[in-house]
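Notes follow once the structure below has been shown.
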Amino acid sequence: MDSDDSVTDPNPHHPDPSLDAEPATVEQMGSLTLGEAGDAAGAERPVGNGFLPADFYAAAGEIEVVEEGSPVSGDLAGPSSLGGPGACRERSGRGDALPSPSSSGYAGERGSSGGSSEIEEADDRETMLDDWSRGKRHPDEDDGSVSWRKRKKHFFILSNSGKPIYSRYGDEHKLAGFSATLQAIISFVENSGDRLKFIRAGKHQVVFLVKVPIYLVCISCTEEPYEALKRQLELIYGQMLLILTKSVNRCFEKNPKYDMTPLLRGTDAVFSSLIHAFSWFVFSNPKPKALVIWNPATFLNAYTCLPLSYSTRQAASAILQDVADSGVLFALLMCKNKVVSLVGTQKASLHPDDMLLLSNFIMSSESFRTSESFSPICLPRYNPMVFLYAYVHFLDVDTYLTLLTTSSDSFYHLKDCRIRIETVLVKSNVLSEVQRSMLDGGLRVEDLPLESSLRSRSLTTPELSSSQSGIGGPSGLWHFMYRSIYLDQYVSSEFSSPISSSSQQKRLFRAYQRLYASMHDNGTGPHKTQFRRDEDFVLLCWITQDFELYAAFDPLSDKALAIKTCNRVCQWVRDLENEIFLFGASPFSW
Amino acid sequence: MHIPSHPLRLLLTALDLAHTTRYRPGRAKPKWSSRLGFLFRRTRAPGIVSPTDGVLLLSCRNAGRLDGLNSENSMATDSKNIRVKLVLLGDSGVGKSCIVLRFVRGQFDPTSKVTVGASFLSQTLALEDSTIVKFEIWDTAGQERYASLAPLYYRGAAVAVVVYDITSQETFKKAQYWVKELQKHASPGIVMALVGNKADLHEKRAVSSQDAMEYAEKNGMFFIETSAKTANNINQLFQEIAKRLPRSSS
């Protein structure tokens, strides 16, 4: 047990004067027992990552100027109104704070989370409908627009010759100059034999991912950890591969100045829905209504199942297996982003990331809902070089069957398979059970059995103690996520009443994201346990060989009780595992 | 009332009318209703009657022959039941999916939904000579990234419908590209139709009917201008295609 290992505020010399919150309590526990309090300051993580000379970091301000004042964008507004740290702070209602190149990290987020999340929320809501009707957000903007500069999170894909490929906001072609600037920054560092991971400029973090000949860049002032943003870029790259395969690289071999934007035409909705899943909600298609459905899969590296009785899931798996034996590579039955059943032939198994990207692609492409489709699709984790063929059919509004094959002429066979599957699913009431489960929702912390002797075997055990009702589960438990490492699956509880507001949920999502990143930090980790208290939550994380548990409690919760509760959550999940997990799908194995 | 004699008068509307006038709940469902069940789900926007539809409406006198049609069908040989693979090609955004959805479901959705890969739909047409044509329609995505995959969908197709947007010269050029590609690689004897869609936007027209017609004639294609939005000429398009299909019986 090494208290220096504790993961905490990477920048103990926090300059932000507006911060009056107590420092986070970080403690290390060898197992889930009380441990000694660790050093709250923890090990200092450099602002950069040590790849670059120190003066490069000192030059962050200059980099920012380069970024802002892209020579191509002629119509620059005054520097104070630009989307730099100043503008961002203005938006989050903290205009009084001074820009500081190192105002980052956990404590900083805490101090500002209230205001900023509300603003971003409003920002997202306002444009939500646009996303689905037009696919592209604010296509009229470019890097000269004040509104574009004020956006909280930008994503860019560009080629290594600086040609824009995708931008979350604004028209790609108008952003050619901006893209060239990003490319210049990356290649400047590359030319010295180094690699640029990120730049911090005030509240903004610029994260780079190089997948030659493709560059991906995220510019964000959401204060998410570097690891989280990098993973988001990886997923965006994966989404692009799912649509095009890695063989697009050949286009650049022939012509380095190749313009790739036409190849991605019509896929804006796919990317924007993925980016939404990064933050805190995904859309409930086709209604233009934002449901607060998290997609922790974006950082947990796991998928989640729809809770179903063991026999119901078995019935679904049996018919899918039947079909898989007849030359279908994968048969996947999903309801929104939750798996009902999944079957693969032989040793092939589906990576959770591929499932996330595939379900995002299907749910965000409206045309799949109109009729049965047969489309080339690449599963980047399965084989990034080749197309598979996906037969997709929606059995009802939320439930869809995907049959993947390597053979391009098996449409009629897959169509027959689907008819067989659908008949069985309807006859054995699987579809109605799926719909019922969607309505019932998942595990509720209020239902956590109080005593381990009173283990329940049902999802709908009534609350044993009414004293806790309205304030979450026992011992102030508000929420938990349990990830089974062996199964590559996670289960996440429903939101209890103390975190019913969307701003609270977003705060929790971000807190989990940071918790996950800190637990899996290669530099200081991996860690086994972490207990953290701040003004919003008590967070407890426990990682063993078999599972990872993330739990959020009332900030005033007692530590010993919280630990006891976590043990009970684990027991509860184990008791229900036949209903909340899918067994039989071979674990991820390559 | 003058009834134009159209050689392949469609019974579509006739059956619609027959349904409302002759079929009452409680009575045994006519046998043909299962095969032609789609006819009863057709929804037609009220007030929109295209010239084509006018012709169709007049063919309601055929309603009296329904039982005859039914009995003929039950005894129909395979030559009376034609299954046709049809593929739609053309630039993205010209309205391929809209044409198909108008034909198959009688719907028009102005919000653009980008097709991914290809969608499969089928629709049955009953022709006046009692031939039943079942169209198996591949509605392909117009995006460039799918261009190389087009052979997957047009391989073995009996009919190719190449669509362009009359308000965009660029899409007409793209249509010509597809025609050339089909001439090179599609099955010989494929029936090809050139369709100028969005005919309702005539004030924005960029491709003249004359040019398109000449191009179509030169390439042995059937040419028609349609509007999926107003339903104008949509049924006509598929009837004309059915008319041009090679028949083993004739």
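Side notes on the structure shown:
- Those residues of segment B:119-132 which are touching a Phe, Trp or Tyr at 6+ places or on another chain (Cβ under 8 Å), open to solvent by less than 10 Å² (accessible area, probe 1.4 Å) and either assigned to a loop (DSSP other than H, G, I, E, B) or more than 13 Å from every other protein chain (Cβ to nearest Cβ) (or both), in sequence order: B:Leu125
- Residue pairs meeting the criteria (Cβ under 7 Å; at least 6 apart or on separate chains; first touching a residue at least 60 places away in the same chain (Cβ under 8 Å) and more than 23 Å from B:Val116 (Cα to Cα), in segment A:229-257; second polar (S, T, N, Q) and in a helix (DSSP H, G or I)): A:Gln232/A:Thr298
- Among the residues examined, B:Ala193 qualifies as of a type in the set (Gly, Ala, Ser), away from every other protein chain (no Cβ under 14 Å) and closer than 25 Å to B:Ala126 by Cα.
- Any chance B:Val116 is assigned by TED's automatic domain parsing to the domain that holds B:Val179, aliphatic (A, V, I, L, M), over 17 Å from B:Thr226 (Cβ atoms) and crowded, with 24+ Cβ neighbours inside 10 Å: yes
- Residues of segment A:506-517 satisfying the condition of being out of contact with any strand residue (DSSP E or B) (no Cβ under 9 Å at 6 or more places or on another chain) and open to solvent by less than 20 Å² (accessible area, probe 1.4 Å): A:Lys506, A:Phe509, A:Arg510, A:Gln513, A:Ala517
- Some residue of segment A:290-299 being in contact with a helix residue (DSSP H, G or I) (Cβ under 6 Å, 6 or more places away or on another chain) and modelled with pLDDT of 85 or more: no
- Qualifying positions in segment A:251-271 - open to solvent by 70 Å² or more (accessible area, probe 1.4 Å) and at the interface with chain B (Cβ under 8 Å from one of its Cβ atoms): A:Arg265
- Test for A:Val340: is it modelled with pLDDT under 95, more than 14 Å from chain B (Cβ to nearest Cβ) and crowded, with 20+ Cβ neighbours inside 10 Å: no
- Of all the criteria given as (1) of a type in the set (S, T, N, Q); (2) surrounded by fewer than 23 Cβ atoms within 10 Å (Cβ to Cβ); (3) within 11 Å of another protein chain (Cβ to nearest Cβ), the one not satisfied by B:Ser97 is (2).
Quick grid of which residues meet (1) over 17 Å from the mean Cα position of the chain (by Cα); (2) in a helix (DSSP H, G or I); (3) buried (at least 22 other Cβ atoms within 10 Å of the Cβ); (4) among the charged types (D, E, K, R):
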{"residue": "B:Val163", "(1), (2), (3), (4)": "no, no, yes, no"}
{"residue": "B:Lys173", "(1), (2), (3), (4)": "yes, yes, no, yes"}
{"residue": "B:Gln176", "(1), (2), (3), (4)": "yes, yes, no, no"}
{"residue": "B:Glu181", "(1), (2), (3), (4)": "yes, yes, no, yes"}
{"residue": "B:Gly189", "(1), (2), (3), (4)": "yes, no, no, no"}
{"residue": "B:Leu194", "(1), (2), (3), (4)": "no, no, yes, no"}
{"residue": "B:Gln210", "(1), (2), (3), (4)": "yes, yes, no, no"}
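- For segment A:424-443, the set of residues classified as touching a Leu at 6+ places or on another chain (Cβ under 9 Å), under 18 Å from A:Ser317 (Cβ atoms) and open to solvent by 30 Å² or more (accessible area, probe 1.4 Å) consists of A:Val426, A:Glu433, listed by residue number.
- Within segment B:226-250, the set of residues being open to solvent by 30 Å² or more (accessible area, probe 1.4 Å) and under 18 Å from B:Phe108 (Cβ atoms) comprises B:Lys229, B:Thr230, B:Asn232, B:Asn233, B:Gln236.
- In the set (1) more than 8 Å from every other protein chain (Cβ to nearest Cβ); (2) not aromatic (Phe, Trp, Tyr); (3) not in a loop (DSSP other than H, G, I, E, B), the condition left unmet by B:Arg145 is number (1).
- Residue in segment B:100-118 that is farthest from B:Ala193 (Cα to Cα), counting only those that are in contact with a helix residue (DSSP H, G or I) (Cβ under 6 Å, 6 or more places away or on another chain) and away from chain A (no Cβ under 11 Å): B:Phe108
- The requirement of being polar (S, T, N, Q), under 19 Å from A:Ser365 (Cβ atoms), assigned to a strand (DSSP E or B) and in contact with a helix residue (DSSP H, G or I) (Cβ under 8 Å, 6 or more places away or on another chain) is not satisfied by B:Ser97.
- For segment B:150-161, a residue qualifies if it is within 10 Å of chain A (Cβ to nearest Cβ) and either open to solvent by 20 Å² or more (accessible area, probe 1.4 Å) or acidic (Asp, Glu) (or both), and the qualifying residues are B:Pro151, B:Leu152, B:Arg155, B:Gly156.
- Only strands (runs of 3 or more DSSP E) whose full extent lies in segment A:518-576 are considered here, and the ones with at least 2 residues that are in contact (Cβ under 8 Å) with a residue 60 or more places away in the chain, open to solvent by less than 30 Å² (accessible area, probe 1.4 Å) and among the small types (Gly, Ala, Ser) are A:547-553.
The values are calculated or read from the model by the stated rules, or taken from the named source; none is laboratory data. As the structure is a prediction and not an experimental result, all values here were calculated from the model. Note that each Cβ is placed from the backbone with ideal geometry, even for glycine, and that neighbours are counted across all protein chains shown. Protein only, heavy atoms only, side chains kept; ligands, DNA and RNA dropped before computing areas. Shrake-Rupley method; radii C 1.70, N 1.55, O 1.52, S 1.80 Å.
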